[in-house]
Amino acid sequence: MTEEQQTGSVESVSGRTRPQMDLFVGLALLLLGVFVVHQAFQMPSVEHPRVRAVYEGPGFVPGLLGAAIAVFGLIVLVRSVCEGGLNLKGAGGQVMDVFRRPEPRRLTILLLLALGYAWGLIGRVSFPMATFPFVLAFILVYDWENTAERAQHENWLVALGKRLVGFQLRWSIFRERVLLVVTATVQAALTAWIVTYVFENIFLRRLP
Amino acid sequence: MLEGIVQLFEGVITLSSDGWNLFHIAWATLLGICVGMLPGLTATLGLTLMATLTFHMPAGQAILILIGMYVGAIFGGSRSAILLNIPGTPANAAVALDGFPLARAGNVGRAMGIATAGAVFGTLIGMLCLAFFAPVLADQALKFQSYEFFWLAVLGVVVSGRLTASEDPLKGWIAGFIGLLVAMVGQDVLQAYPRFAYGYGQMRGGFDLLPVLVGVFGFSELLTVMKTPVYPSAQTTKDRVIPKIREVLGYWKNIAGSGIIGTFMGIIPGVGEDMGAWVSYAYARAISKKRALFGKGSWEGLISSQTGCSAAVPGAVIPVLTLAIPGSAPAAVLLAALFVHGVRPGPLIMDTNPGFVYEVVAMVLLASLAILLFGLLLTKPLLKVLEVPRNRLMPIIFVLCVVGAYAVNSRVFDIWVMLGFGVLGYFMRELRFPMAPLILGVVLGPILDENLRRGLVLADGGIGPFLTRPICMALWIVIFVTFLLGTTWFPALLGRVRNAVLGPPRDDAPYSSE
Amino acid sequence: MKKAAFAIAFAATAALIVGCEAREPLDYSWEPDRPIEIIVPWAAGGATDQVIRLVASEIEDALRMSVVVVNTPGGTGSIGTAEALEADPDGYTWTSGSASALGYYPVLEMLDTSLDDWHLFLAVANVPLISVHPDSEYEDFGDFLADLEARPGQVSVATAGTASTGHKVIELICQATDNEYNHVSYDGGNPAVTSVVAGESSVTTQLASEQADMIRGGRLRPLAAFSSEPLEIEGHGEIPPITEWLPDVHMATDYFGIWTRHDVPDEVIETMQEVWDEYVVDSEIIRDYAMERGAVVTPYYGQEAHDRAWESVRTDAWILYDIGYAEISPDEVGIPRPE
């Protein structure tokens, strides 16, 4: 029913997080709410010539929303305390879980790749020059580990090699890797070229 | 009414007489089916990327493509639901309940055929409602003034928050309110005061909806997908796909009921396709003679849930056109795209752009024919889509996210907005916050803000009209009850009262999905 | 099959390209060799966007080079304008909007620019209309003024928000008659107009282009045009000018057009002036648009455009200052108060 379920990434659908986790979420929301209310009070109100009543001021609705979020935060906090959220033994580990589960390395690499591309490359070098290395790196990083497994599969080339030499050659992994690099390069070049071409020559839009 | 039918036919004829339109609807629907099929690519993501990429096109074509994408994706999601037990879009979760057991029992082709029939009939029923109700509703929509729009905005966030996080509604509401807060950034409508801009020029204009959407549904989805293991490979069909007409007609009660239920779920702001499917499923279970089969492989359950979620698509378009209020997250994207293309949806659409409603109806009709065609004839080739390696697809999706975020306003700032909201969305997902209310919040925030303050200005500071106007009263009562049902103590109290009055409940509660 | 389709598509594209190439050469002093970009510093579909897209298509026809309209909204139009101000002065980057905006950017400290930084090419002027619901008790504009007098601060007037054209119009009326009104802001001109149709607010002072459909449909009744001459709207008829009731109200027409940096090469300006004379002055699509939307075609350029725009820049900047919206006096940025 929710976005999570369809990705299959979490065990339960919109399920409850642990009370210890809720403690931090509640606290963060409370702080956010209070901050927003504080900011809302800084905005012009009745003392300003254009604002005739409190409800006309720009801070009115943000103030209400901030207050609501603070209240929600407080409810989460109280609920968490009631459910034993204050028992902080191992709580640090649980907080880290969010960042760790299930494959922290993959996530970090992805974030680095994405940020490096969108922040570091886009706007500094031309669009295709930024896109090509990104797509290439992305595929290599995520598919590299699969090459070993893919090399296990029997195929005609390996079978032929086996028959000729009598035993399976190590270079099948190497061959998979070469194949990967070649196809990834082709895909990256095609992606960079097609997207650039379509935007600049058909849509007539500049790219960053 | 007669005039409407004539206009509808005119719409269909003009649309289909242009070969380009047929070409566009065909590829857009096909692409929509593929996007819907692939777990990790939702209807909202597909629509968002398409909305940004078709930005340069003439309005008619762009909207045609978006409609095709929308109808196609909601249908395509049933494929992976049936084959993999992974709903391709959140809306198809109910389809997986019976579709997967049926497929495992060796009825792969028949299950897909029945789901296709459900999707086509659902879309058609929704389309008829769209053609019939949109003009009527547009006429009534002038009764919706600032007071009513304020409550509609609140309703959207509250209801969506409640429904998308059924186990912990609080999280849904928090997500919705954070969305509302995000919408506060930038110049306010009444005083043009730059809120939360902190002197940063780009922030004065606030966050554009489309880059935010690309972030929340594109980038954060990508982060979520890439850290999970690869999905299992699919089964293939052996039996016949094209269903027997008599078999499909045998389910006419389910089709008609679910079609109407789905449409109405689509109309209610914040409810959308998922609830269209779930409520239809519950309805089918309630009227079924073979209730025990539900969840273990019931044909009625399968056809009802797919009819329900497909019918919700045209349903969700109704308030987009007549009130400029989205019924669901994908509909919010559609609304943003309409504004971008200079179509002004709202109560006066029948005056300012009389043919447009029927044009949209005609588009939906063409899209439903396209899913019928593709769903039945291209079954096997389409299954190949599930074999596209994720590691190859995702970098392209990310490149499109970046280009899409940039394309709307040609601002690099929007790329940062996309990245920022992607990361925020990712952590909120990890903390089990649903995303749909967040997006509805972002869309409805300005509506809530300006209508509340304007209503107060018009009423000279009084809250009377907000409470006593008839439509307002209905709206706030619904909101209040929704809130109460989300608390833990109120339903318990209600249950106790019911037990006291009626005796212990029977065990066919509509929402038990096991 | 696929190959055949490809071949056909390729042939069609090729034919299209060749077809374009085959046209006779142009004799403009400036011949652009890449697409020209016009920045619309407002969202797509708005008043500026609609007009500029028509203008762009005329320039495209004239120069036989694509003219790309780029929407760069934000900062009340200042972000897109800043982009054009920073672009190379080569004639390939233009911006657009209403000329009066060039006056409020400096006054509101949004952008340090003045009218002299630009070459202006104007296309149409939009006239504001004072309109009411068809069932309104106001028979004419005089009744409205009388009601403003009778119920100070009670008559609700719908505009597109602070500093919008509609807001300035009602401020000018109230300044001239020393009245007060209840300002109701909407997110754009169309919602403001809709609110009067729905009966939520009593009067709107937005642009005729935003009201034309409603007036033709009989859902809105115009009382007066905010101009010194009567305004004709296709399918409705003539609307009396406000000067019949308030002869002294100082008018400033809102001109829409495109402009580029003042230091672009002379050939660019010469060429664009020729394009204006040959294509824009007699443009059918722009004239049709104006008739349908109640706008006035004003194809001015050069000194004339500058002088006309200067008038609206001054009026606009000073109203903003008088209503307390602008904090620095227009005097300080070299905009004297209009006499």
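The values are calculated or read from the model by the stated rules, or taken from the named source; none is laboratory data. These numbers were taken from a predicted model, which means no experiment stands behind them. Here Cβ is always computed from backbone atoms with ideal geometry, including for glycine, and neighbour counts include all displayed protein chains.
Going through B:Phe421, B:Phe413 one at a time, which residue ends up being closer than 29 Å to C:Thr81 by Cβ, over 21 Å from the mean Cα position of the chain (by Cα) and more than 7 Å from every other protein chain (Cβ to nearest Cβ)? It would help to see each step written out before you state the result.
Working: B:Phe421 fails: over 21 Å from the mean Cα position of the chain (by Cα).
Exactly one of B:Phe421, B:Phe413 is closer than 29 Å to C:Thr81 by Cβ, over 21 Å from the mean Cα position of the chain (by Cα) and more than 7 Å from every other protein chain (Cβ to nearest Cβ), namely B:Phe413.
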Problem - Yes/no for A:Ala188 being facing chain B (nearest Cβ under 9 Å), assigned to a helix (DSSP H, G or I), more than 30 Å from B:Met57 (Cα to Cα) and modelled with pLDDT of 75 or more - result: no
Completion exercise
Taking region B:60-85 and keeping residues over 23 Å from B:Ser160 (Cβ atoms) and either touching a Pro at 6+ places or on another chain (Cβ under 7 Å) or among the polar types (S, T, N, Q) (or both) leaves B:Gln61, B:Ser80, B:Leu84, B:Asn85
Exercise for the section: Could you list, in sequence order, all residues of region B:317-333 that are in a helix (DSSP H, G or I) and touching a Pro at 6+ places or on another chain (Cβ under 7 Å)? Expected result: B:Pro319, B:Val320, B:Leu321, B:Thr322, B:Ala332
Completion exercise
Checking B:Arg432, B:Arg392 in turn, the sole residue that is part of a loop (DSSP other than H, G, I, E, B) and either charged (D, E, K, R) or away from chain A (no Cβ under 11 Å) (or both) turns out to be B:Arg432
Problem - A:Glu47 vs. criteria under 18 Å from B:Asp168 (Cβ atoms), modelled with pLDDT under 85, in a loop (DSSP other than H, G, I, E, B) and more than 10 Å from chain B (Cβ to nearest Cβ) - result: no
Practice task
Test each condition in (1) in the same structural domain as C:Val55 (by TED's automatic domain parsing); (2) outside any helix (DSSP H, G or I) for C:Pro338 and report the one that comes out false.
Solution key: (1)
Exercise for the section: Give the number of residues within region C:264-288 that are closer than 16 Å to C:Gln50 by Cα and surrounded by fewer than 19 Cβ atoms within 10 Å (Cβ to Cβ). Expected result: 4
Exercise for the section: Could you tell me whether any residue of region C:196-207 is away from every other protein chain (no Cβ under 14 Å), outside any loop (DSSP other than H, G, I, E, B), at pLDDT 90 or above and in contact with a strand residue (DSSP E or B) (Cβ under 8 Å, 6 or more places away or on another chain)? Expected result: no
Exercise for the section: Name the single residue, out of those in region B:457-471 being free of Cβ contacts under 8 Å to residues at least 60 places away in the same chain and under 30 Å from the mean Cα position of the chain (by Cα), that is farthest from C:Val184 (Cα to Cα). Expected result: B:Pro470
Practice task
Specify the residue that is farthest from B:Pro330 (Cα to Cα); the eligible residues are those in region B:252-263 that are in contact (Cβ under 8 Å) with a residue 60 or more places away in the chain and surrounded by fewer than 24 Cβ atoms within 10 Å (Cβ to Cβ).
Solution key: B:Ala256
Exercise for the section: Give the number of residues within region B:212-264 that are farther than 15 Å from A:Leu110 by Cβ and either assigned to a helix (DSSP H, G or I) or modelled with pLDDT of 80 or more (or both). Expected result: 25
Exercise for the section: Give the residue that is nearest to the other protein chains (Cβ to nearest Cβ), with candidates limited to residues of region C:172-190 that are buried (at least 21 other Cβ atoms within 10 Å of the Cβ) and touching a His at 6+ places or on another chain (Cβ under 9 Å). Expected result: C:Ser185
Handout entry: Check on C:Ile258, touching a residue at least 24 places away in the same chain (Cβ under 8 Å) and either surrounded by fewer than 22 Cβ atoms within 10 Å (Cβ to Cβ) or under 24 Å from C:Leu120 (Cβ atoms) (or both)
Key = yes
Practice task
Output yes when any residue across region C:212-230 is in the same structural domain as C:Gly103 (by TED's automatic domain parsing), touching a Phe, Trp or Tyr at 6+ places or on another chain (Cβ under 7 Å) and buried (at least 24 other Cβ atoms within 10 Å of the Cβ), and no when none is.
Solution key: no
Completion exercise
Within region C:77-99, the residues that are of a type in the set (Val, Ile, Thr), surrounded by 23 or more Cβ atoms within 10 Å (Cβ to Cβ) and part of a helix (DSSP H, G or I) are C:Thr81
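Restricting region C:306-329 to residues that are touching a strand residue (DSSP E or B) at 6+ places or on another chain (Cβ under 7 Å) and within 9 Å of C:Ser100 (Cβ to Cβ), which is modelled with the highest pLDDT?
C:Ala309
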